[in-house]
Amino acid sequence: MAATDVRPMDRAKTEQALKSAALAQLGREGVLAGLNLRKVADEAGVNRGLVYHYFGSRRDLLRSALRDELREQQASISPAYRLPLKERVKAFLRIMSGHDRLVRLTTLLLLDGSQDRTVLLAQAARDAYESDREDGVLADDVDVDALHVALVAAVFGYTLHRRSFARELGVPPKELDERMGKMLERLVGGLEGSLAS
């Protein structure tokens, strides 16, 4: 869209258009290309000065976009917390590997020094592991916080490198996802309590 074609919008629509354009640009051009605010504004159909007016900085624009995306993705993650432990772990892997852009952006912001809370330490996930322990699915001595951190680290690390791993192993990413899910299931199975089947 040419600069002369800039159309008026209300603030909420303008902010959303800018966030969507920023995420789209990163998806197309990659993180190392940087975020060109002129291109973002052009794609959103607004004046570049509105980025600074509404968000203050490029970093704050990206943080705001990520928060919105996290809220949207929380809806797809939340039902998994009600699944039995092994299925829940596999579902988390499936969901996050399907939202690799979210994982990359979260990682980028963390590398940039962001202190924002993210899906990484979702209270609902920790509560589900605590419930597993109380129900005898997990052994009594399992540290649920450490378990959650270990699984998030494994899933996020895998998701970040998923395509490279698959390429190096010469297998389709979906096949590797299945293999990774089975491995996580086996690892979690080693933590089961006496009541687990």
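Only the coordinates and a few stated rules stand behind these numbers; no lab work does. All of these numbers come straight from a predicted model, not from anything done at the bench. Every residue, glycine as well, gets a Cβ built from its backbone with ideal geometry; the counts of neighbours run over all protein chains shown.
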Using Cα atoms only, what is the angle between the long axis of helix 58-77 and the major principal axis of the chain, expressed in degrees (0 to 90) to the nearest 10? 40 degrees
Honestly the stretch 67-189 on the Cα gyration tensor test (a ≥ b ≥ c root eigenvalues; a/c under 1.5 rounded, otherwise a/b vs b/c for prolate or oblate) is just oblate
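I need the calculated FRET efficiency for the pair GLU168 and ASP140, taking r as the beta carbon distance and R₀ as 35 Å, to the nearest 0.05.
Working: r = 40 Å, r/R0 = 1.14.
So the FRET efficiency works out to roughly 0.30.
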Estimated distance in nm for a label pair at ASN36 and ALA124, the labels positioned 7 Å out from Cα along Cα-to-Cβ: 3.9 nm
Across the chain, how many lysine pairs separated by 8 or more positions, or lying on different chains, have Cα atoms within less than 21 Å? 7
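Could you please report the charge total around VAL89, scoring K, R as +1 and D, E as -1 over all other residues with beta-carbon less than 11 angstrom from its beta-carbon? Show your work: numbers first, answer last.
Working: positive: LYS86, ARG88, LYS90, ARG94, LYS182, ARG186; negative: GLU87, ASP132, GLU185.
Local net charge: +3.
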So which residue, out of VAL171, VAL152, VAL142, gets the largest mean-square fluctuation from a GNM of the chain using Cα contacts under 10 Å as springs? VAL171
Assign unit charges at the C-beta atoms only (+1 for Lys and Arg, -1 for Asp and Glu), then state the dipole size of the chain relative to its Cα centre in Debye, rounded to the nearest 20. 940 debye
Residue-ordered couplings for the stretch 175-191, obtained by feeding phi - 60° into the Karplus form 6.51 cos²θ - 1.76 cosθ + 1.60 and rounding to whole Hz (Gly and Pro as x), are 5, 5, 4, 4, 5, 5, x, 5, 5, 4, 4, 5, 4, 5, x, x, 9
Which one, PHE156, ALA80, LEU176, is farthest towards the positive end of the dipole of the stretch 67-189 when Lys and Arg carry +1 and Asp and Glu -1 on their Cβ? LEU176
Neighbourhood net charge (11 Å Cβ-Cβ; Lys/Arg +1, Asp/Glu -1) for TYR52: +1
So if each residue of separation counts as 0.36 nm, and I subtract the Cα-Cα distance between ALA153 and ASP10, what length gain in nm does that give? 47.5 nm
For ASP135, what is the net charge nearby, where nearby means another residue's Cβ is under 14 Å from its Cβ and Lys, Arg count +1, Asp, Glu -1? -2
